[in-house]
Each structure stands twice: as structure tokens, then as C-alpha cells.
1. Considering only the range B:299-323, state which residues are in contact with a Leu (Cβ under 7 Å, 6 or more places away or on another chain) and crowded, with 23+ Cβ neighbours inside 10 Å.
2. Where in the range B:79-166 are the helices (runs of 4 or more DSSP H), entirely inside, with at least 3 residues that are aromatic (Phe, Trp, Tyr)?
3. Can you tell which of A:388, A:355 is closer than 27 Å to residue A:96 by Cα and surrounded by 24 or more Cβ atoms within 10 Å (Cβ to Cβ)?
4. In the range B:485-516, how many are under 19 Å from residue B:362 (Cα atoms) and open to solvent by 40 Å² or more (accessible area, probe 1.4 Å)?
5. For the range B:41-51, indicate whether the set of residues that are part of a helix (DSSP H, G or I), open to solvent by 20 Å² or more (accessible area, probe 1.4 Å) and at pLDDT below 90 is non-empty.
6. So which of B:164, B:114, B:217, B:138 ends up being away from chain A (no Cβ under 12 Å), over 29 Å from residue A:483 (Cβ atoms) and not aromatic (Phe, Trp, Tyr)?
7. Restricting to the range A:530-551, give me the number of residues that are facing chain B (nearest Cβ under 10 Å) and farther than 12 Å from residue B:84 by Cβ.
Amino acid sequence: MMPELIMLLGLIAIVVVPNLGDAKFRLPLTSVRVPVLLGGSRFDLTNDPRMPNRISNLTFSLALLSSLLLISESPSEVGGILVVDSFSRLFSTMFLAALLLVSIATTHRLPAKTNAHIPKESDSENVFDRKISILIDNRRQVDFYILLIMVGLGMTMMTMATNLFMLIVCIELASLSTYVLVAFHKEDGTGGEAGAKYFIVGSVASAIGIYGMSLLYLWSGSLDLEILRQSWLSMEGIDPFAAFGIGMMLVAFGFKVSAAPFHLAAPDAYSGAASQVSGLLATASKAMGFLALFRVLVMITVPDGSEAIWMIALGIFAIVTMTWGNLAALTSENPKRMLAYSSVAHAGYMLAAIAVVGSGISSVDQNAIILTAVSFHLFVLVLFKLGAFLVLALLETEGKGHEIEHLYGLGRRDPLIAGSMFLFVLSLAGVPPLSGFLSKLLMINGIVSTSASTGSSSSVDIVSWAESVDPLFWLAAAIVLNSALSLFYYLRIGLVMFFEEPSTEKSLKAAPSLRMAIFACALLTVLCGIGPVSEWLLDTVSSAIDSLMYE
Amino acid sequence: MISDPLTVITIVPLAVSLALLILPKISGSAEGLARASRAISMGVSLAMLAITTMIFFGEIGNVDWTDYNSGYSLTNDAFSLIPSIGVQWKVGADALSFPMIWLTTLLIPISMLVEWDAKKGHLFHPLILMMEGALIGVFVSLDMFVFYAFWELTLVPMFFLIMVWGGEDRKYASMKFFIYTFTASVIMLVGILVMYFYTPDVASSGTITGHTFDMSVMIASSDYIPSEGLRHLVWLLLLIGFATKMPSVPVHTWLPDAHVQAPTAGSMLLAGVMLKMGAYGFLRIAVSAFPESTVAFIPLLIFLGMASLVYGAWVCMGQTNLKRMVAYSSVSHMGLIFLGIATMQPLGIAGALFMMFAHGIISPLLFAVAGAFKHHYHTLEIGSMRGIAHHSPWLAAHMMLGWMASLGLPLLAGFVAEVTILIAFWMSFGWLVLLPTLTLIITAVYYLTSMQKTIFESNDPHHGILPDTLHGEDPRDISWHENSGMIILGALTILFGILPFIFWDMMSEWSSGFLIDTLVEAMQSEGVKP
């Protein structure tokens, strides 16, 4: 639980540190003044508006480090509802990595005004207003990072939950914080609207999920995942309570992973939020939904490799999701919406892979490989999806990034950033040898190796072979066709960056920490696709999935 | 001497070019930098040429290229790049790839030489060097994943060469080039992936997926693909990828645009080596893995080849733009390669291989000439200028030699290839040979008329007609570096015309070995007489 403790300490530090000052408490009836440190006029160091960001960076780095070190720790149980094993540790690591990147990247996002610029009393008439606005701006720093750490706590805790109730509570902790983060971008009217939309749709989805959970409770009398799994095994036929319960939870998690048709709020939320936050939603928040799907669908309802009731539904959802996402992305003129829809499409690819797990024709080993592929995809998505959003965040520092025109000529204005962006979109499209290709190949391989052997090998012409093959095979075909479709809008980003005339020749804001985050993402996008780093990551993911599957 | 020469000639150019592209960001003045970086690029490419030449003469590796049965030579100890999906760094060369490798290392320094004083030299020459690494990578890699990665990587430098140094319509041309070839290679990737998913589990250990990208395993296990229909489909997917690169009618339309807009060096490499990647990949992967499909689709191959040959030549007659004419003549000659393969004769396939090589020397010469013409006369219009033999005797001489070689004059390299393909074609298909033969007459027609219009005919015996684009200035003859590059190419054209056996022996050995190994059985089962 080390990373969680670190985050808790960080949370407290963010609340306390900016309030440290020279306040003293005079002991009654004496002249002895005891410094109490809280309140009074703040110290220069603690009052620095960049302080919360630093604390948050430090917190997330330490938490990430400890999580990495503990990744192969032996499993231990906490209070009967949490279990710390390599699976949960691995996903915590991923969430923390995403949050660290976001935290580093937000250094330049909010207007942090240092005290040095507070005007003197004699400067002008509206000094007071300006002072207040600076103070409010600086207070917002604290709020933002508190929320970010709350997201981190919710996410890391949900990876460990073995109890459905705990799972939902942790997801809600993270979700509620993200709703506020989406709306946080107050300079712009769209932020509030996006946050409200996201909140309303999200809470309806959560309510449905919780109702489904209550049905499951009604059915089995417990919310412990292991007991639910046993009841599911011993169930004769399909109990309507259980089926409806699972179905309703699918709705809640479907919203989290932004699967069609529950994805409709996602593009609005992504385009309204600050790009860093959109990136967080598209990666960590989505991964959270998939983790919940793993726990609920795969662990409860596929215990013995028979066909799961949700298999057909999930397969159809997957195809609708990826096709809808790609078609909508094709017509988007706003790069943030485009990335949002591409994130919907990616959810479709992963759902397709998970649907195969429920098919019943795949062996346990094949299931493990598919889940490894999906987890690996979630991992590398953090690198290139978040990276792409961070590039847009860099554009946002000059108030742009909402129209494709803002990307025009980026290659001339800033070749390195444009090159990184190109790398990210290529990886999203799945071009070898980038990590996006590796993960997509593993997913397709999972589907194909399960289904293609079902095709009759004696048939000569292709039509009769196609009729004989298991319908699951067409999920793989759908992924391939959709990837081809997606190339058009991904490449379009590359084309406008390098071949359109920029509206201004001015170079982008320096923003060193944001750039550092982008370059780290770009480097890792390549390294996780080829070479020893990818191997290590894949091994780790694979052993973590094994600990989930064969425990 | 060098334990793993193929890895060296792939990696060194790539590494050096990357260093040269990135370092200028850090330090240095533009002028001195351009000079230093082109000197380094030239040095590296010459070193690579030295290595491949030494390989040819047996100084390195001591390879007997005429021995088909020894398989790949100069192989390395394969090591895993991505063990989980079975990707290895595995290189090797045989008589199919070695002439292409040598050709690449030859053309790179020559194209650098021809554009010795290119603008933005600190980027231009490193990009060409990058092109070298990528092209050699395509020819040497024996791992399908790495092959595909290099295949895509060749697009990057070529794309920038057209985009940055191209003519007025460069944006349109480079986009078209990129979209056509990229789409085609994605289609090819689908085919490769289907092959990948049917490699047997036993073939690889330690992979998560249980498959391998090892090229020889993938090719050998193509029989595991269920149903003949699916095998045909995969073959067609691969064909689309390779035919677009070659290019063959009807997916050739990117080529004339790209050539007309590309800088001279870009055109030389595009025509000289990049087009051959298509033919190489077709033989190496599509034909080797799916001999039955190849035999079954012989009529398609003949149709594509014939269409490219006739259509390309026919369109050439109507061209007024010099580069466009040469580009269409490339389409026409690439058609001959399909015809050569379709004959299923050792002679025909060897002729196709020699065509790849000969065209790889002649077409760079033609493009160098066209580039120099553009450079000194500021136009590419045929007929806007007459009597350049008077103004630029060297240019006229090179132009004449290149065109003669391209139309297949005996004792020049192109003749050997054309005549062997036609003989093999006659042996296989009888009187159908009349069509390609008559097309060669069309080729002669367009070259000879252009020759008459540009080189010789002059209304005024002292001056000829000068194009308006010169604004009354006197044209100069080509500069020393253009001239020396063309002289080398011209000399090689003559050399390989007189002594074709330098490469012919290994090519014909490879062709007969390949035919017996892979195709004969397929031909018997399909009922085609061998």
C-alpha cells in the first residue's frame, strides 16, 4: 500500500504547505509567542503558486517509483476487500505513470502568477481586484492538484478491489474527481458545459451500474467477487437477476470505456476539458473501465470456458463502437474530438478482443494471451494517446488546438513537436514498428488464433471457407478494416502539420516540462514497440495477467 | 574482414544520416556544415560501395554467387528484436538481392555527385544516405517485419526529397506518391499478417503469439493457409503492394507525377532502385510463398505486364515533358519484368532480373540527363529547344547514349534483358510475342523523334533554337560533377551490354534453381507445361 500512502501524504502536503506562514500564538498572560506556522503571512517559498505542482510531481514520482519497486511483491490481502498482487500493482503503475505525465504537463497550463507581480497599493485603482484574481488563480492550483491526487487514489485503489462495492466506490472517487477536472478549465465556457454533460451522463451510468450491483447482491447475497464467481458457477440456467445485474454493470463500465452507444458524452467532455485532462480521460480513465470489465465480466462470468451470455452483445458493441468511432473521427474538424473518437475506436478494438474471451472456444492460455494483449494496449495507449493530447496541450498554451487549422504548418514552426505528434498518430494507427502496432497485432493474433482454426481447411474456394469459419474471425477482420479506415484521419493530421501554411511563423511556447513529457512519450512509444523495453513490459504484463487468471 | 557486412551496410548509413540530420540543430554554421555533411555522406556511401564491391570480388565473405543451392550468404547470427512476436534481426543475400544491393550502393554516391551543389546541402545528402540504409535494409532483411519496416522507411526520405527539393507541383506529387505507396503497402501488410498467423507454432519458441516473422518460415508455411481461395487472396494482396511500387498499370499514376517533381537525385533513386523493390518483393515473397497462385494467375501477370508495356510506350509518344516521357518508359520497362516472370522459363526470369539491374543503371542516367537539361535550360519541354548537340555536347552525348540504351540497342545493357525476355516469351507463348516486340518499335519511335527534336534538328546551323526560359542567355554545358556521374553510368551501361555475364551468370543460376525448387511442382499441378 506504499504508493497509496505516499499519495495520501502528498494530498495532506498540498493542503497544508501553501498555508504555512509566520502566524504565532501568544500564550495567554505572557509575552511568549509560539509559532504555529499555519496562517499569518505566508513564507515566500510556501506561497509560491508553483508549489502545488511541485508537490504533486514529487508525490506521483515517488508513488510511481515505489509501485515499480513493489511490482513483483507477493500477494497480500488487506481487510478482506483489497488484494495487492502483481496485477493490481502493474495497473497502479500505469495509472501513476499517466498521472505523473499529466501532472508534469500541467505546469504551464493554469495561470500561475508569482507573488512578485502583485501590484503595489499605489499602482492603480483596481489593485484590489487584481490581487484577488491572482490569489484565486493561485488557489486554483491547489484545487487542481488535490483533484489529480484524488483521481490517483481512486484509480490505484480500484485495481486492488476484490469486492464489488469497493470497486464501485473507488471508481466513483476517481470519476467524480475527473468530472470536476473536466469543468476546471473555466477560462472557456465549453469547460463548464463539458463538465456538466460528462457529470450528468456519467452519474446516470453509475446509477445504472449500482442498480445492477444491487441486483447481483439480491441474487447472491454477497458482493465479494470470489463468492459471486462461485454462485455463477453453481447457477443452473441463467438467473434473470444475475443476467440483468451483469448487463447493467456493463452499461456503467461501457460508459467508462466510452463504448458506443454510451460514448456520446465523451467527445464533448474531451474537447471541452484541458487537453491534459482529456488525455487522462482517454487513457487512465478508460483503462479503469477495462479493469472493471476484467474483474466483473471475465472473472465472474467466464469461470470454466463456456460461452458467456454477454459474448454476442459485446461482439456487436465492439464492431459498432470501432466503426462509429472511426467514421465520426473521419469527419471531425476539431483535433481533440478526432482523438476522442479515435479513443472510442480503440475501445472497440479492445472490446472485440475481450468478446473472444467470452466465446468459450478459446483455451485458458489463449484467454491469458488476449488479456495480456488488451492490458499491453492500455499501457502503450498512455504513451501515444496521452502524448498526442499533450501536443494539443502545448498548442493550447497559445489558446489554440480546437481546430485542425491550428495544426497547420506545425512542422515548420516546431519540427520536433510535429515529429512527435506524427509518431503518436502513426502509433495510434498501428504502423510498424511502433508500440501501437505491437499491441494491435497481439490483439488480432488473440482473435485469429482462437477462431481461424475453426475454418474448414478442405474447402477450396474462399466463400465456403468464410462460411465455415467461426464468426469471431470477423471481429479480427473488422479491426483490420477499421484500422485501414482510421489511417485516413491519422495521416491527415500528419499532412496538415507538414504541408499546410502556418497562420503564424511564431515558434511555440517553451514550456520545458510539457515538452519533456511529450518527448518522454515519443521515446517510449518507439521503445515499447521494439527492443528490450517492450520485452520487459510485455513479460511483466503477461505475468501479471497470469496472476489474475491462474490464482 | 568484416564479420557481418550486410548489417554494416544497412546500419551505418542510417546511423550516420540520423547523426547528420540531428547534429546541425545543435551547432555549426549552415555553409560549412553543408560542406562537411555532404563530404561525410559521400565518404560513407563510397565506403559502402567499397564493401559491396569487395563482397562481389570475394574479398569479404568469399561468396560464390552462382551457387544457388547454398541459399543465403553472408547471414548473421539472428538476434531477437521483439521476441514476443518473433521478430529477429536476420540478414542475408543471394543472387536475387545482391545485384540490387550493389546497384544501391553504386547509385547513392552517383546521385549525390550529380546533385553535389544542392540547396540545403546539410539536409539533402544525409537524406540520400538515409535512403541508402533503408533500401539496403529492404534487400537484405530476412525477417518479414523488418522487411516491412524498411519498406515503409524508404518512403520517408523520398517523400522529403520530393517535398522540399521538388518542382512547382511538389506538394501534390509528394502527397500522391505517399498516399499511393502507403495505401498499397498497408494492403500488403494485411497479406503479410495473414501469412504470419498461419506460421506453425513449432517454428518458434518463446513467442507469446506462437508465430514468427522469419521470412523463410513464413514462406515455407504458406501451405498451412486453409483453402486455395484464401491463398489466392493473400497473393493478390501482396501483388497489389508490389505492383504499386513497380509500378504496373493501373496503379502507376503516382510515378509520372513524382518523377516530374522530384529532384534529380530523387528521380534517379526512385527509378533506379525503389521501383525494383516491387519486383524484388514479388519474387522473394509472393512467388516463393505461393507458387500455385502465381501459376494460376499467369494470365493476369501477362495482362498487367502487357498493359504496362503497351500503354506506357503508347503514352510516351504523346509526352512533351522529358521527365514524364522517361517516367512512362519506366512503366513500360517494368511491364517487361512481369512478362519475364510470367514465362516461367529460367531464361525469362533471369531476363527479368537482368532487366531490374539494367534499368537500374539506364534510368538513373536518363533522369540525370533530364535533370541536367532542366538545370541548364530551365525547361523540360521536348521541342522547345533544338540542337543541343551544338550548345552542350556532353549533355547531348549522354542523352543519346541513355536513350539508345533504353530503347534496346545491341551491345548496351538494356538489349540483353529485352532480348532474353522476348526469347523466353516466345518459347512459352509463341506468337503472342509479337505484341511486346512491336511495342519495342513504339519505344524506338518516341526516343528517336525526341532525339531528333532536341539534339540534332536545328534551323540555324550555328545556334539551333533556344527555349524562352533562358531569356536569351547562352546555355552552358553540364558541370563537372554532373558530367562525371553520367560518365560512370554511361560506362557501366556499355560494360554490362558487352559483358553481361558479370551478373548474368548468377542470375541465370538463381532463376533455374528457383524455378526447379518452387515453381515446377506448381506448374505440374496446374497443368502448365514447364
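1. Once the filter is applied, which keeps residues that are in contact with a Leu (Cβ under 7 Å, 6 or more places away or on another chain) and crowded, with 23+ Cβ neighbours inside 10 Å, the range B:299-323 yields B:305, B:309, B:322, B:323.
2. Per the criteria, B:144-153, B:155-165.
3. After applying the criteria, what remains is A:388.
4. Within the range B:485-516, the first condition is being under 19 Å from residue B:362 (Cα atoms), and the residues that meet it are B:485-504, B:507.
Checking which are open to solvent by 40 Å² or more (accessible area, probe 1.4 Å) leaves us with B:487-488, B:491, B:494-495, B:498-499, B:501-502, B:504.
Within the range B:485-516, residues that are under 19 Å from residue B:362 (Cα atoms) and open to solvent by 40 Å² or more (accessible area, probe 1.4 Å) number 10.
5. Within the range B:41-51, none of the residues are part of a helix (DSSP H, G or I), open to solvent by 20 Å² or more (accessible area, probe 1.4 Å) and at pLDDT below 90.
6. Working: B:164 fails: away from chain A (no Cβ under 12 Å); B:217 fails: over 29 Å from residue A:483 (Cβ atoms); B:138 fails: over 29 Å from residue A:483 (Cβ atoms).
Just a single option satisfies the conditions, and that option is B:114.
7. Counting residues in the range A:530-551 that are facing chain B (nearest Cβ under 10 Å) and farther than 12 Å from residue B:84 by Cβ gives 0.
Every residue, every condition in (1) open to solvent by 50 Å² or more (accessible area, probe 1.4 Å); (2) within 23 Å of residue A:260 (Cβ to Cβ); (3) touching a helix residue (DSSP H, G or I) at 6+ places or on another chain (Cβ under 7 Å); (4) part of a helix (DSSP H, G or I), yes or no:
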{"position": "A:191", "(1), (2), (3), (4)": "no, no, yes, yes"}
{"position": "A:194", "(1), (2), (3), (4)": "no, yes, yes, yes"}
{"position": "A:200", "(1), (2), (3), (4)": "yes, yes, no, yes"}
{"position": "A:204", "(1), (2), (3), (4)": "yes, yes, no, yes"}
{"position": "A:209", "(1), (2), (3), (4)": "no, yes, yes, yes"}
{"position": "A:212", "(1), (2), (3), (4)": "no, yes, yes, yes"}
{"position": "A:217", "(1), (2), (3), (4)": "yes, no, no, yes"}
{"position": "A:226", "(1), (2), (3), (4)": "yes, no, no, yes"}
{"position": "A:230", "(1), (2), (3), (4)": "yes, no, no, yes"}
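The values are calculated or read from the model by the stated rules, or taken from the named source; none is laboratory data. Quick caveat, the model's predicted, so the values are computed rather than measured. Because the Cβ atoms are built from the backbone with ideal geometry, glycine has one as well, and the counts that use them run over all protein chains shown. To get the accessible areas, we keep the full protein, side chains included, count just its heavy atoms, and leave off ligands, DNA and RNA. Shrake-Rupley method; radii C 1.70, N 1.55, O 1.52, S 1.80 Å.
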